[in-house]
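Enquirer: Starting off with a structure, shown below.
Read-outs: derived from the displayed coordinates by stated rules, not from any lab. Here the structure is a predicted model, which means the values were calculated and not measured. All Cβ positions, glycine included, derive from the backbone under ideal geometry; neighbour counts span all protein chains shown.
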Ligand SMILES: C[S@@+](CC[C@H](N)C(=O)[O-])C[C@H]1O[C@@H](n2cnc3c(N)ncnc32)[C@H](O)[C@@H]1O
């Protein structure tokens, strides 16, 4: 288990404002709009109990609480937890690590893990975070897990006219190890290929897996058009395509964020749990 807690807390406390990120650029606005739409489609009806792991300052937790969900937020960064506790509506929140949740087994109808996977560099840690989400969710409940696409950074730099020199070298390096160089921006982080995210979710035990591309294949067009005469029209088109091609397997990886979702298996009377090989369910689409 790698401990990057200090780096993550320092980044979000002293160097970056997470609470305004989703409004700052077209990519973030598409991310927020589509994430809320997908959660609305996927989550059980309110007043279901939802655990928001890596919930940050509470943007999604507040939307869900306002819609009538019983929400609790967990985050590694104390200032994020303080913002969630002080928000309107206030959200119940606690500082903790996604790999060791201070929650009982099966206490939630749905669990979100929208952020921690980016910051966990080792596969074993990422699988452990997904396993913890499954543990705290009741059988038949839903788990939603976000990853950043391997290609998000280079696509962003190209769309905004910044892909030169060391950023091309970084794009090449990313193809081999998936690890973000913090000197380019963000923290050290892991950026997924689609099959890796599928493998990690399956290994953790999620059933009936579906992966959505959050921003859709035209988010880079919205970035390139920002501030120009076509900005609103291109943004609307990008949003429509994000909806239309949301779980189209051949386009999912063009999004900046990947959203994997699945169900917690119900234990049959003769279920041998981890000893049984994972079986493909008929509803699975990736
Ligand atoms: C990019 S923010 C995402 C916030 C929000 N969930 C969203 O999707 O907009 C990533 C969040 O994950 C949190 N985080 C990172 N590693 C974590 C871990 N191991 N356990 C819990 N939270 C973690 C960070 O503190 C941060 O608030």
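Enquirer: Calculate the spin-label point distance for residue 131 paired with residue 181, positioning each point 7 Å from the Cα along the beta-carbon direction, and give it in nanometres.
Expert: Spacing of the two 7 Å Cα→Cβ label points: 3.4 nm.
Enquirer: Can I ask one more? Could you work out the relative contact order of the stretch 172-230? I mean the mean sequence separation of Cα pairs under 8 Å and 6+ apart, divided by the number of residues, in percent.
Expert: Contact order relative to length: 16 percent.
Enquirer: Given a Förster distance of 35 angstrom, what is the FRET efficiency for residue 13 paired with residue 41, based on the Cβ-Cβ distance and rounded to 0.05?
Expert: For residue 13 and residue 41, the calculated efficiency is 0.55.
Enquirer: Work out, step by step, the length gained on full extension between residue 70 and residue 123: first 0.36 nm times the residue separation, then minus their alpha carbon distance; give nm to one decimal.
Expert: The residue 70-residue 123 span can extend by a further 16.0 nm.
Enquirer: What does the extension gain come out to for residue 233 and residue 163, with contour length at 0.36 nm per residue minus their alpha carbon separation?
Expert: That pair, residue 233 and residue 163, stretches by 22.7 nm at full extension.
Enquirer: Further question on the same structure: How big is the chain on each of its three principal axes, counting only the C-alpha atoms and giving the largest first in Å?
Expert: 59, 42, 37
Enquirer: While we're on this one: In whole Å, what is the distance between the alpha-carbon centres of the stretch 219-265 and the stretch 98-177?
Expert: 18 Å
Enquirer: At what distance in nm do the modelled label points of residue 172 and residue 92 sit from each other, each positioned 7 Å from its Cα along Cα→Cβ?
Expert: 5.3 nm
Enquirer: Report the relative contact order of the chain, percent, no decimals, based on alpha-carbon pairs under 8 angstrom and at least 6 residues apart.
Expert: Reported as a whole number, the value is 19 percent.
Enquirer: Hey, another quick one. Can you give the % of DSSP beta bridges in the stretch 5-265 that are antiparallel, to the nearest 5?
Expert: The antiparallel proportion sits near 40 percent.
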